[in-house]
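See below for the structure under consideration.
The values are calculated or read from the model by the stated rules, or taken from the named source; none is laboratory data. Quick caveat: nothing in here was measured; it's all calculated off a predicted structure. Cβ atoms come from the backbone with ideal geometry, glycine included; neighbour counts cover every protein chain shown. The area values use the complete protein model at the heavy-atom level, side chains included, leaving out ligands, DNA and RNA. Shrake-Rupley method; radii C 1.70, N 1.55, O 1.52, S 1.80 Å.
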Amino acid sequence: MEGNEENVTKHVQLLEYIRHLKIGTKISVRGLAKELGVSEGTAYRAVKEAENAGLVVTRERVGTIRVEKRLRGASEQLTFGDVVEIVEGYVLGGREGLSKPLHKYVIGAMKEEAMAKYIDADSLLIVGNRDNAHLLALNQGAGVLITGGFETSAEVIQLANELSLPIISSRHDTFTVASMINRAIFDRLIKKKIMLVEDIVGDKPRSYYLKLSSTVSDFSRLVLETGELRFPVIDEWNRVIGIITRKDVIELDQNEAIEKCVVRKPVTATLKTSLASAAQLMASEGIDYLPIVDRNRKLITSVKRREVLDAMREAQKQPQLGETFDHLIWNGFVEERGPEGETRYNGIIIPQMATDLGTISEGVLVNLMTQAGYKAAQEKTGSDHVLENITTYFVRPVQIEDKISIVPRILEVSRLNCKLDIDIVLEDNKLICKAIMTLQAIDRV
């Protein structure tokens, strides 16, 4: 036990040592082990965890380097290293600058004197095999992406290495690489909108915890100190193995160990779990407390259901960044009232909804019915929901440019669920498809 706890302490010390290294410092497993007097295996595990945490990166022919951890709020900003992966390129020079962020790119489809007006520091010039343009970009603090699979001169490569500004070559043409970079930026905007557990954890301190050998007296002491009524239980390696709550120990003496009343194999989440997934998980499991662990199930912190729901409501007030597949499908539909006062969502079938055979995708129709169900349930209950069960019936085909109406009807509402009957009909009210749907509320506490 003592030896294991000593290893855990050394692991934490290594992570703190790496965290306080100067940005750009090269790191080696052997050097860390020698510096802090630990085994190379312990040093290796710390380096891998630091890499997972975004504190270091490993670059080919450069090694492991301490980098500035990228904030989630700036996740749409690409680095030169990201560009290499996006355009399937390879680096000709300036490898040490791959971790630098870039704020814009410039397509060099002009004379050099005109090009100079648009190139500035931390930008990326996309151009063909024009050595003079490559030198111009480097001298103005920009990286270079050479299209068409071309290379560059030894002079350019030498300057790139001196300035730590990457020179990248890609086999794709200029239009293709620009489209690939635009797509990556667009995807990152969507990811930025999707809040993760790490967004609400921030610098939240590590959770209070107990061990199997802890006593009811230890539990009572933590209750008095923190005001909490539940705690994670960890093993000697800081891995979460259970949860203990006040109702579990209420009949035990203060000197008894908690081991026999710990709830084993608890539900957990990671920092990369989305808030919506965490909320759905807690709702379906009927729990209000979620330990947050790393990929080795080691305890990081914990979140409560109220924290998750409050953050989700706050996120919904923010402007929409980027459009997901759901938004693109739903954009053409408007809410109207039918002849009997019922809610209808009217729109037109567009070519993007078709399959390769020219038929309309059943998946798109299910998506439309699901979104209509979400909106109807939210309007009725004021709660957000996730899909629990759906049964669909496809009655007749629908064609591109047909006008359709989606008609949701609420059958039953409870505190946790909402059941709906949803139809998609043509202009003459002929039935296209029908769904019976059950939605689960994720923000009922």
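Here are the numbers for this structure:
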| quantity | calculated |
| --- | --- |
| Per-peptide average of other Cβ atoms within 10 Å, ordering 396-402, 122-128, 328-334, 362-368 highest first | 122-128, 362-368, 328-334, 396-402 |
| log10 of Debye I(q)/I(0), alpha-carbon scatterers only, for region 120-160 at 0.23, 0.28, 0.33 Å⁻¹ | -0.66, -0.96, -1.24 |
| Whole-number D in µm² s⁻¹ for region 115-216, Kirkwood Cα-pair radius fed into Stokes-Einstein, 10 °C, 1.306 mPa s | 94 µm²/s |
| D (Stokes-Einstein, µm²/s), Kirkwood Cα radius, region 246-369, 1.567 mPa s at 4 °C | 67 µm²/s |
| Whole-angstrom Cα spans of region 332-414 along principal axes, big to small | 42, 30, 21 |
| For region 340-346, 3J(HN,Hα) per residue [Karplus equation, 6.51 cos²θ - 1.76 cosθ + 1.60, θ = phi - 60°, Hz, x = Gly/Pro] | 9, x, 6, 6, 10, 10, 9 |
| Residue-by-residue Karplus 3J(HN,Hα) for region 397-412, coefficients 6.51, -1.76, 1.60, Hz, glycine and proline x | x, 10, 10, 4, 6, 5, 8, 10, 10, 9, 10, x, 10, 7, 8, 7 |
| Carbon and sulfur %, accessible surface of region 314-445 computed with the full protein complex present, 1.4 Å | 49 percent |
| Angstrom value of the Kirkwood radius, inverse mean 1/r, which spans all Cα pairs in region 74-143 | 12.4 Å |
| Accessible area per residue in Å² at 1.4 Å probe, computed on the chain | 54 Å² |
| Proportion of all alpha-carbon pairs of region 196-265 beyond 17 Å (%) | 43 percent |
| Net charge dipole size for the chain [Lys, Arg +1 and Asp, Glu -1 on Cβ; Debye, nearest 20] | 600 debye |
| Relative contact order (%) - criterion: Cα under 8 Å, at least six apart; region: region 324-369 | 30 percent |
| Percent carbon-and-sulfur accessible area, region 75-214, ignoring ligands, DNA and RNA, probe 1.4 Å | 52 percent |
| For region 148-287, the Rg and Dmax computed from alpha carbons only, in angstrom | 26.0, 79 |
| Part-to-part distance (alpha-carbon centres) for region 75-102 and region 230-284, which is given in Å | 42 Å |
| Base-10 log of normalised Debye intensity for region 366-445 (one unit scatterer per alpha-carbon) at q = 0.13, 0.15, 0.24 Å⁻¹ | -0.39, -0.50, -1.04 |
| Rotationally averaged projected area of region 216-312 (alpha carbon convex hull; nm²) | 6.6 nm² |
| Taking N as its residue count, the alpha carbon Rg of region 289-427 over 2.2 N^0.38 Å | 1.29 |
| Distant alpha-carbon pairs in the chain (separation over 38 angstrom), percent | 46 percent |
